[in-house]
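In what follows, a single structure is set out as structure tokens and then discussed.
The values are calculated or read from the model by the stated rules, or taken from the named source; none is laboratory data. Because the structure is predicted, anything quoted here is derived from the model rather than measured. A quick note on method: Cβ atoms are made from the backbone with ideal geometry, for glycine too, and the neighbour counts reach across all protein chains shown.
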Amino acid sequence: MATPEQIPSDLTLEIETNLSPEAFLAASRNFFGFVEEIAASVDAGEKMEWQVKVREGSNLLALDPVGAAAHQNFQHVFTRAREATNRLLVGDVEGANLTERALGFIKGLSQITDRGKRSTFVRLWIERKPLDLKGTIAASIQEHWRSDYHDFGTIEGRLEAIQDSAGLQLRVRDNLFNALVKCVLPDHMLAGAFTSFRKRVEISGLVHYRSNGTPISIAVERLEPLPDDDELPSYSDVRGILAA
């Protein structure tokens, strides 16, 4: 096991030596995905970039901030990652306040600790303080997902990002919960999504909700642009209508 002096960055994954290639790739993929998903959820106004560091002769895989983003933005990522992981270690999936994708990534890391007949050591170092991941995290997330439900509904918010990963997706910040909702988009609706980028939209379809009613994702069936605030009638306009 590593000591704090051996940790090369403020975000480091320590994994057991002699892992199979499949397990090593799964660990690195889930670690990178977990960090990037948390960074994407931090409303910093600047894209945060990372570089990979591998300590020679060790089992340490690290991410180091690079680029022009402010130091405080990276600090938010460290804080959220630490708080969320601590919540998950005590079974508080709701309190972790992570996106479905982030939960999936740390669930994958947790599952690596419980493979085969013996446990595998996986430790997450955040600002050079260790958090030992356990298989109970994956179990808690899986149980939490079982309590989720689906229903047809409508989400209104600002279209903030479009991605082409595991199918066409877009993300909308839901006005009610101030949460990013993943939207699975059919190919024929892509052009309409691009014209509505960074605008307010109303999206309808089959919504996947958490047990507390927070929307997680939606299979889009309809996307309608909404007028921006400066296009809405002013107070004086409405007052004139009512007077008439």
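Quick check on the range 79-90. Is at least one of its residues surrounded by 21 or more Cβ atoms within 10 Å (Cβ to Cβ), of a type in the set (Val, Ile, Thr) and in a loop (DSSP other than H, G, I, E, B)?
Checking the range 79-90: not a single residue is surrounded by 21 or more Cβ atoms within 10 Å (Cβ to Cβ), of a type in the set (Val, Ile, Thr) and in a loop (DSSP other than H, G, I, E, B).
From the list GLN51, GLN6, pick out the single residue that is surrounded by fewer than 14 Cβ atoms within 10 Å (Cβ to Cβ), touching a Leu at 6+ places or on another chain (Cβ under 8 Å) and farther than 21 Å from TRP145 by Cβ.
Matching residue, one of GLN51, GLN6: GLN51.
Residues checked against (1) of a type in the set (Asp, Glu); (2) assigned by TED's automatic domain parsing to the domain that holds THR99; (3) crowded, with 18+ Cβ neighbours inside 10 Å; (4) at pLDDT 85 or above:
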{"position": "THR154", "(1), (2), (3), (4)": "no, no, no, yes"}
{"position": "GLY157", "(1), (2), (3), (4)": "no, no, yes, yes"}
{"position": "GLN163", "(1), (2), (3), (4)": "no, no, no, no"}
{"position": "ALA166", "(1), (2), (3), (4)": "no, no, no, no"}
{"position": "LEU170", "(1), (2), (3), (4)": "no, no, yes, no"}
{"position": "ASN178", "(1), (2), (3), (4)": "no, no, no, no"}
{"position": "VAL181", "(1), (2), (3), (4)": "no, no, yes, yes"}
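Kindly evaluate SER211 against the criterion of being in a loop (DSSP other than H, G, I, E, B), over 30 Å from GLU5 (Cβ atoms) and not charged (D, E, K, R).
yes
Can you pull out the residues in the range 39-80 that are at pLDDT 80 or above and in contact with a His (Cβ under 9 Å, 6 or more places away or on another chain)?
ALA39, PRO65
What pairs come out if I take residues in the range 210-233 that are farther than 30 Å from ALA96 by Cα and pair them with residues that are modelled with pLDDT under 75 whose C-beta lies under 8 Å away, six or more apart or interchain?
PRO233/ILE241
When you go through THR120, THR136 one by one, which is the residue that is among the β-branched types (Val, Ile, Thr) and in a loop (DSSP other than H, G, I, E, B)?
Just a single option satisfies the conditions, and that option is THR120.
Hey, can you tell me all the residues within the range 1-20 that are farther than 17 Å from SER119 by Cα and not charged (D, E, K, R)?
ALA2, THR3, PRO4, GLN6, ILE7, PRO8, SER9, LEU11, THR12
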